[in-house]
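Undergrad: I'd like to ask some things about the structure below.
The values are calculated or read from the model by the stated rules, or taken from the named source; none is laboratory data. Every value quoted in this text rests on a predicted model; they were computed, and no experiment measured them. Positions of Cβ are backbone-derived with ideal geometry, glycine not excepted, and every protein chain shown enters the neighbour counts.
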Amino acid sequence: MLRLPASLTRKLEQLFPKSAERNRFVVDVLTTALEQYNQQGAEEEVMVGGTLHLFTDGGSRGNPGQAAIGIVLVDPTQGRVIREHYERIGIETNNVAEYRALIEGLKIAKHYHPNRLLCHLDSELIVKQLNGEYQVKMPTLQAFVEEIRELSADFPEVAFKHIPRGDNFRADSLVNRALDAHPSPKYERA
């Protein structure tokens, strides 16, 4: 039996007045955390080389709103998914979620040492910003661009390619899975 600190119990009771909802939330959070722990614990640094395809997506329900990222790393020669990752990232805009998904995806791909990494995004704006076709006017987004450039330097070759949303269905479904797993609590007005 898991015993939570009193302060956390009080906060959960405020967010979820019904004990069944509260218990479901705690179970969902722990299940997700254990899945991610097992996934990270089992991850080994593998020498893959060759070309890998990175599909990333970020989204928010509301703009800004509850946001999440989804990442799928694929080895095209074997036709298999090497790694999937998804997580909620709090309250963010769609563009911030897209950038954060790519940043996390680059960090994951680095463990597999590809000679060439093709990054597929369904955000045309972000692809054009990263490829230098559009300027990044918002300072908050500029920081993400700089981080992506630093991470990209760890790969012999990186390319950013825009794809239609329908071709990014795996990463998109991971975003939705993260958002659906823990929906925002509904607050009642006093």
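Undergrad: Scan the stretch 127-140 residue by residue and report those that are among the aliphatic types (A, V, I, L, M) and at pLDDT below 95.
TA: Within the stretch 127-140, the first condition is being among the aliphatic types (A, V, I, L, M), and the residues that meet it are 127, 130, 136, 138.
Those that are among the aliphatic types (A, V, I, L, M) and at pLDDT below 95: 136, 138.
Undergrad: Among the residues in the stretch 92-107, are any more than 15 Å from residue 72 (Cβ to Cβ) and not in a helix (DSSP H, G or I)?
TA: yes
Residue by residue, here is whether (1) under 19 Å from residue 124 (Cβ atoms); (2) touching a residue at least 40 places away in the same chain (Cβ under 8 Å) holds:
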{"position": "54", "(1), (2)": "yes, yes"}
{"position": "58", "(1), (2)": "yes, yes"}
{"position": "66", "(1), (2)": "no, yes"}
{"position": "70", "(1), (2)": "yes, yes"}
{"position": "77", "(1), (2)": "no, no"}
{"position": "80", "(1), (2)": "no, no"}
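The rows are residues; the columns are (1) closer than 24 Å to residue 179 by Cβ; (2) surrounded by 16 or more Cβ atoms within 10 Å (Cβ to Cβ); (3) touching a helix residue (DSSP H, G or I) at 6+ places or on another chain (Cβ under 6 Å); (4) of a type outside the set (A, V, I, L, M, F, W, C).
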position	(1), (2), (3), (4)
77	no, no, no, yes
91	yes, no, no, no
99	yes, yes, yes, yes
110	no, no, no, yes
118	no, yes, no, no
122	yes, yes, yes, yes
139	no, no, no, yes
153	no, no, no, no
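Undergrad: Restricting attention to the stretch 68-95, which residues are within 11 Å of the chain's Cα centre (by Cα) and of a type in the set (Val, Ile, Thr)?
TA: 69, 71, 72, 89
Undergrad: Since residue 159 meets every condition but one in (1) more than 19 Å from residue 112 (Cα to Cα); (2) touching a residue at least 12 places away in the same chain (Cβ under 8 Å); (3) of a type in the set (A, V, I, L, M), which condition does it not meet?
TA: (1)
Undergrad: What is the residue count in the stretch 1-52 for residues that are closer than 24 Å to residue 180 by Cβ, at pLDDT 65 or above and of a type outside the set (A, V, I, L, M, F, W, C)?
TA: Going through the stretch 1-52 one residue at a time, the tally reaches 15.
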